[in-house]
Amino acid sequence: MRLEQAIFTSVRSERLDGYQLAARSAGVSDDLAKELTAWGPAHDSLWLEHPGASSVNFHPLGNHSYCVSQTTLAGAEYSGRGGGRVYTQMIVVPREGMTKFANDPFLVLRALVASGRMIIYDDVPRELTTIPLVGRAADGPPSWMQEIVEKAGAEIMAELTEAVTAAEPVTVNTDLPVDRLFQAILCQLAPSERLDVSFSTGLKPSSRRPFKLNVAPNDPSLIRQAQRTQPGKVIEVLTQDPHKSSRKRPTVPRTK
């Protein structure tokens, strides 16, 4: 199976300058390109600000397929303004591709990373090729998952599982690795339910990107800011008492 892809980032082009769908493979139609552009994160979209900060994202597309993407803070914007270049590689995965990986976007992304298909270009090419999706989900959950579930606690995991199947968005405040926690949440659901849970492990909330499951830093003012942009339920998954910590600034745990 070969997958269509696109890159959303800041470039100078013949059409316009700034954040745009800078490249796409031949099978990405104009309508699909518009849909991907609507979800594309621009300047200052990541909670974390250090070089290499990243976010795994997943959402459905209107053509009965899904977008698995990775957003990374990589390099400098062409304009020279501070904060770094927000670079997103978007992979279009048909339903049968998701099914091969138990409808788990993290497994799809890891297969693509392992085969060297997730690439950050300094100079984005004009055209992209399709990329192969090889493999399938292994039997059983990863070995680390039980530890994540135990650290989060059975009651919290049950609350999270119920919340992501309800109507309103969910924002998680956690000191656990976000991608592992979110994957553990998905694995509490039946495979048929997982595709309904769009998520981002590191992007700030935006009305343009209505993810079902989000993360916010462990800071009340930033959580309120996130809630103003995207109201919904907030769930704490903290293994340490936040009042006993001495952080100099609010943080979101790394996704790896």
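Every number here is computed from the coordinates shown, using simple stated rules; none is lab data. Please read all numbers here as calculations on a predicted model, not as lab measurements. For neighbour counting, all protein chains shown are included, and Cβ atoms are generated from backbone atoms with ideal geometry for every residue, glycine included.
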Quick one: what are the phi-derived ³J(HN,Hα) couplings along the stretch 82-88, Karplus 6.51/-1.76/1.60 with θ = phi - 60°, whole Hz, x for glycine and proline? x, x, x, 8, 8, 10, 10
Looking at the chain as a GNM with Cα springs under 10 Å, which of VAL56, VAL28, VAL164 has the largest mean-square fluctuation? VAL28
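Can you give the calculated 222 nm mean residue ellipticity of the chain, where each DSSP H run of n ≥ 4 adds -39,500 (n - 2.57) and the sum is split over every residue, rounded to the nearest 500 deg cm²/dmol? Before the final figure, lay out each step's value.
On the way: 8 runs with 69 residues, N = 256.
Taking each H run of at least 4 residues, the total per residue is -7500 deg cm²/dmol.
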Please go through the stretch 119-222 and write out the trypsin sites (Lys or Arg not before Pro) that DSSP classes as loop and that have at most 13 other C-beta atoms within 10 Å. ARG126, ARG136, ARG208
Dipole-positive endmost among GLN225, ALA184, PRO125 within the chain (Cβ charges, Cα centre): PRO125
Cross-link reach from LYS204 to aspartates and glutamates, straight Cα distance under 12 Å and at least 8 residues apart if same chain, gives ASP44, GLU49
Measuring from its Cα centre, the chain shows a charge dipole (+1 at each Lys and Arg Cβ, -1 at each Asp and Glu Cβ) which, in debye to the nearest 20, is 480 debye
Just to be sure I understand, if you calculate semi-axes √(5λ) of the Cα gyration tensor in Å for this structure, which of [x] 38, 26, 18; [y] 28, 23, 16; [z] 37, 20, 15 do you get? [y]
Please sort by residue number the trypsin sites (Lys or Arg not before Pro) in the stretch 14-105 whose DSSP state is loop and whose Cβ has at most 13 other Cβ atoms within 10 Å. ARG15, ARG81
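List the longest stretch of the chain that has no exposed loop site; here a site is one of the chymotrypsin sites (Phe, Trp or Tyr not before Pro) assigned by DSSP to anything other than H, G, I, E or B, with at most 14 other Cβ within 10 Å. Show your work: numbers first, answer last.
Numbers: sites that count: TYR78, TRP144.
Excluding the exposed sites themselves, the longest stretch runs over 145-256.
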Summarise the long-distance tail of P(r) for the stretch 2-132 by giving the % of C-alpha pairs beyond 23 Å. 28 percent
Please name which of GLY153, VAL197, THR171 has its Cα lying farthest along the dipole of the chain towards the positive end, using unit charges on Cβ (Lys, Arg +1; Asp, Glu -1) and the Cα centre as origin. THR171
Given 5 Å bins starting at zero, what is the percent of C-alpha pairs of the stretch 145-244 in each, up to the one with the largest pair distance? 2, 13, 26, 26, 20, 9, 3, 0, 0
